[in-house]
Amino acid sequence: MILAGTMMITVSCAAAPSVLAPASESALKTNGLTWIVFAIAAVVFVVVEALLIYAAVRFRRAGQSDLPKQIEGNQRLEIGWTLLPLIVLLIVFFLSLSTLQAIRNQPAFAAGASMEAKPLTVRVVGHQWWWEFDYPDLKIVTANELHIPAGMQVNLDIESIDVIHSFWVPQLGGKTDAIPGHVNQSWIKAIQPGTYEGQCAEFCGVEHGLMRLRVIVETPDQFQAWVTKQQAPLPSFSQAEAQGEQLFLTKGCVACHTIQGTTAQGKIGPDLTHLASRSVMAGAIMDRNLGTMENWLADPQAVKPGNLMPNLHLTQDEITKLGVFLERLK
Ligand code: CUA
């Protein structure tokens, strides 16, 4: 029964980002604890059910006038069934506490270790309804898509700009609240390259359900190549692209968005400096390509109702020019 139930859970979650498919050191610790607690609970369940069934059968009423033997109290039994659950709960408590410490406290950077081994720090900032990823040491700011190298410790400093969100990537790490004015720490050491989906896990307003993120774990070489691209200055623009840039700088976009190397330095919306290098947009709810960007520009509220970008009532010609420009921001 229990085994069949477990298998059903495992199978039905196979396609979704499952906590039962851990892919980082801390997620492995959480997963290990999950199975220990499950095993303890399974043993308790089987023993209690067996005793219950045994008692029901063995001591069932045999006839109308049949009264069971009248007994009163059993000191040894009572001490036993008080102490045993206490011991079990204490074991679970201390296992949980030590796991919590291990997944929460960022492992210290060993003194004397090479700078190569220094953990990467990423500031994770929750916004209604998207995620900002800021690499202060690398001078990179991106959105919705977190790139990290496999096999290396990445420290996360998690906070929020508006309301409480919760950073959660089931396969890589436990939920950590993103709280305005307070930094919560967590860390990820991903085991192997891959793409991992995450989701805001704290109700944060109308688009809470559409506040996702994607973590792209790369080999150290791939990650370094990504860093180099993100740090590159803007390319030189063709005439058509420059028309789009001009629209970007005059149509109000600059009030909310930053594009490094231009006068656009807004901080409310995502940094768009290397927008076209991202695979997802709008809180990672859709692929990012020319078509989805043009739909978004035409009416952001129709695409994701409630988001903070107003309809700028752009003409089709303006949308086309802006699209050409944005697609150049590799
Ligand atoms: Cu952010 Cu829910």
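Worth pointing out:
- Residue match in the stretch 119-127 (condition: away from the ligand (no atom under 16 Å from the Cβ), part of a loop (DSSP other than H, G, I, E, B) and modelled with pLDDT of 85 or more): yes
- Selection status of Val92, within 16 Å of the ligand (Cβ to nearest atom), closer than 27 Å to Trp168 by Cα and aliphatic (A, V, I, L, M): no
- Restricting the stretch 250-278 to residues that are surrounded by fewer than 15 Cβ atoms within 10 Å (Cβ to Cβ) and of a type in the set (A, V, I, L, M, F, W, C) leaves a set whose member that is nearest to Ser160 (Cα to Cα) is Ile268.
- Only one of the numbered conditions (1) closer than 24 Å to Ile259 by Cα; (2) within 11 Å of the ligand (Cβ to nearest atom); (3) more than 16 Å from the chain's Cα centre (by Cα); (4) not charged (D, E, K, R) is not met by Trp130, and that is (3).
- Candidates are the residues of the stretch 190-211 that are surrounded by fewer than 21 Cβ atoms within 10 Å (Cβ to Cβ) and assigned to a strand (DSSP E or B); the one that is nearest to the ligand (Cβ to nearest atom) is Gln199.
- Among the criteria (1) loosely packed, with under 15 Cβ neighbours inside 10 Å; (2) modelled with pLDDT under 95, the one Phe93 does not fulfil is (2).
- Residues of the stretch 159-189 satisfying the condition of being buried (at least 19 other Cβ atoms within 10 Å of the Cβ) and away from the ligand (no atom under 11 Å from the Cβ): Glu159, Val169, Pro170, Gln171, Leu172, Gly173, Gly174, Thr176, Ser186, Trp187, Ile188, Lys189
- The sole residue among Gly291, Gly269, Gly261 that is among the small types (Gly, Ala, Ser) and more than 19 Å from Val141 (Cβ to Cβ) is Gly291.
- Matching residues in the stretch 43-57 - criterion: being surrounded by 12 or more Cβ atoms within 10 Å (Cβ to Cβ) and farther than 17 Å from Leu86 by Cα: Val46
- Residue-level analysis places Ala62 outside the set of residues that are closer than 30 Å to Lys189 by Cβ and small (Gly, Ala, Ser).
- Trp226 being in contact with a Gly (Cβ under 9 Å, 6 or more places away or on another chain) and either away from the ligand (no atom under 15 Å from the Cβ) or not hydroxyl-bearing (Ser, Thr, Tyr) (or both): no
- Residue-level analysis places Val169 outside the set of residues that are at pLDDT below 95 and over 20 Å from Ala201 (Cα atoms).
- Qualifying positions in the stretch 21-58 - of a type in the set (D, E, K, R) and under 30 Å from Ile216 (Cβ atoms): Glu25, Lys29
- Filter result (under 22 Å from Gln128 (Cβ atoms) and part of a loop (DSSP other than H, G, I, E, B)) within the stretch 260-278: Ala264, Gly266, Lys267, Ile268, Gly269, Pro270, Asp271, Leu272, Thr273, Arg278
The values are calculated or read from the model by the stated rules, or taken from the named source; none is laboratory data. Bear in mind the structure is a predicted one, so any value in this text is a computation, not a measurement. Here Cβ is always computed from backbone atoms with ideal geometry, including for glycine, and neighbour counts include all displayed protein chains.
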